[in-house]
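Just so it is clear, none of the values below were taken in a lab; they were calculated from the coordinates. Since we're looking at a predicted model, the values are computed, not measured. Counting neighbours? That spans all protein chains shown, and the Cβs are built from the backbone with ideal geometry, glycine included.
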Amino acid sequence: MSDELKDWLDRHGGDSAITDTMLALAGGCRLIADAARRGPLIGLVGSAGSSNVQGEVQQQLDVYTNDLLCDALEACRSVAGYASEEMEDAITSARWSSDGVHLVLFDPLDGSSNIEANISVGTIFSVLPHPEPGRAPEADDFLQPGRHQLAAGYAVYGPATSLVVAVAGRTAVFTLEPASDAWVLTRDAVRVPVTAREFAINASNERFWEAPVQRYVAECVAGADGPRSRDFNMRWVASLVAETHRILSRGGVFLYPRDGKEPRKPGRLRLMYEANPVAFVMAQAGACAVTGSHAILDVRPEGLHQRVPLIFGSADEVGRIVEYHADTSANVSLQLFKTRSLFVNAHA
Ligand SMILES: O=P(O)(O)OC[C@H]1O[C@](O)(COP(=O)(O)O)[C@@H](O)[C@@H]1O
Ligand SMILES: [Mg+2]
Ligand SMILES: [Mg+2]
């Protein structure tokens, strides 16, 4: 279908292969939007009775949306292989055309624990170059740092269906127009505000956070009475795509930091399907994404399903958090705020 998305990709994407791959992903997201909208009406609710490779319970929609995206990508000649959060191994095949120049990684349904509550969910995707087009890709070909991404984006299935597309130097938002089923360009050359007064973190993990994160959040919560001398708002949707879209729209910072809850896991979110594409979208919109001390886009992947700490959003706030990680006096500052738990009156 020819629409504003194709025109935009032709103009900014760099080559026709990017246009083809992104249109295939957008087509898959269009079908997922329909499935998410009609889920309870067509029996697509509740657990699928299975677990994914990470041991997480799969929702019926996790499985269904994964299949939709697999079909969309297998029909696309520019795609040489793909990998999904929901599948143990990457899918590659020599039968695919030598036109295959891209490797795609995706989280078909992000925030899926929210589905039954009818809270926004989404799809996240990342496009990497096939290092040697012409041969069937191998598993290790996918393990490229996020800085190699050619494009990335996500869809949010909320009150409106939004598709965010980022290519080198530019991020744009498209909205699915229900009558024509076409993607309409609703924001171009998006820039994330550099400063912010809104932070997002799962506060139930507070006691497991490391000192720099304890310090940052305590200072936000102290508000106008604390060292920041201004009040902050807190948000937590438990849906990374929805949080990302809020930050893209009006600034803010998101933290799913390393914590001591499950010491074997370095973070909650997945590098290849969540952190890298979000970091790429943010970078093209003038915002930042870090592990705490390093740029997400520079993390060298060791496995497809690797987890990382993820902190991203408005540049000033992310910069401050990086400074706190570098600041050896963080523990001292923490003592100043120790009596100020998130749920203790800051004046107590
Ligand atoms: O359950 P928590 O700790 O609130 O974690 C929520 C996070 O987990 C996620 O739901 C993980 O994504 P999936 O739903 O794709 O597994 C993120 O969207 C969200 O940021
Ligand atoms: Mg996810
Ligand atoms: Mg998911």
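Pull out the extension gain between residue 7 and residue 177, defined as 0.36 nm times the separation in residues minus the alpha carbon to alpha carbon distance; nm, one decimal. Mind dumping the intermediate values first?
Values: separation 170, 0.36 × 170 = 61.20 nm, distance 1.61 nm.
Result: 59.6 nm gained on full extension.
Can you give the Rg to Rh ratio of the range 198-337, both from alpha-carbon atoms, with Rh computed by the Kirkwood formula?
Expressed as Rg/Rh, it is 0.94.
Over the chain, with a Gaussian network built from C-alpha contacts below 10 Å, which listed residue (274, 86, 210) shows the highest mean-square fluctuation?
210
Measure off 7 Å from each Cα along the Cα-to-Cβ vector at residue 16 and residue 45, then give the distance between these two points in nanometres to one decimal.
Going by the 7 Å Cα→Cβ label model, 4.6 nm.
Going by average Cβ neighbours within 10 Å, how do the peptides 55-62, 111-118 rank, with the highest at the top?
For the peptides 55-62, 111-118, the packing ranking is 55-62, 111-118.
Given all pairs of different Cα atoms, what value in angstroms does the Kirkwood hydrodynamic radius of the range 166-229 take? Don't skip to the answer; put the middle values down first.
Values: mean 1/r = 0.0643 Å⁻¹.
By the Kirkwood definition, the hydrodynamic radius is 15.5 Å.
For the chain, just run the numbers: alpha carbon Rg, then divide by 2.2 N^0.38 Å, N being how many residues it has.
Working: Rg = 20.1 Å, N = 348, 2.2 N^0.38 = 20.3 Å.
With N residues counted in the chain, Rg over 2.2 N^0.38 Å equals 0.99.
Taking neighbour Cβ counts within 10 Å as the exposure measure, how do 243, 206, 302, 88 sort from fewest upward?
Exposure proxy ranking, most exposed first: 302, 88, 206, 243.
Please get the size of the charge dipole for the chain, origin at its Cα centre, with Cβ charges of +1 on Lys and Arg and -1 on Asp and Glu, quoted in debye to the nearest 20.
On the way: 31 positive and 43 negative charges, 238 e Å.
Computed charge dipole of the chain: roughly 1140 debye.
Highest mean first, how do 74-84, 35-45 rank when packing is the count of other Cβ atoms within 10 Å averaged over residues?
Ranking the peptides 74-84, 35-45 by packing returns 74-84, 35-45.
Hey, got the dipole for the range 198-337? About the Cα centre, +1 on K and R Cβ, -1 on D and E Cβ, debye to the nearest 20?
Values: 16 positive and 16 negative charges, 77 e Å.
Computed charge dipole of the range 198-337: roughly 380 debye.
So what is the calculated 222 nm ellipticity per residue for the chain, using -39500 (n - 2.57) for each DSSP H run with n of 4 or more, over all residues, to the nearest 500 deg cm²/dmol?
Numbers: 8 runs with 99 residues, N = 348.
Calculated at 222 nm, the ellipticity per residue is -9000 deg cm²/dmol.
Sort 211-217, 146-152, 164-170 for me by packing, meaning the mean count of neighbouring Cβ atoms within 10 Å per residue, highest on top.
Highest-to-lowest ranking by the protection proxy: 211-217, 146-152, 164-170.
For the range 4-187, evaluate the Debye formula with one uniform point scatterer on each Cα (no solvent term) and list log10 I(q)/I(0) at q = 0.15, 0.17 Å⁻¹, rounded to two decimals.
For the requested q values the scattering log ratios are -0.86, -1.09.
Rounded to the nearest 5, what % of DSSP beta bridges with both residues in the range 198-337 are antiparallel?
Rounded to the nearest five, the antiparallel share is 65 percent.
Using DSSP H assignments, which helices in the chain have an axial alpha-carbon span of 18 Å or above and a mean Kyte-Doolittle hydropathy of 1.0 or higher?
For the chain, where a helix must reach 18 Å along its axis and average at least 1.0, there are no hits.
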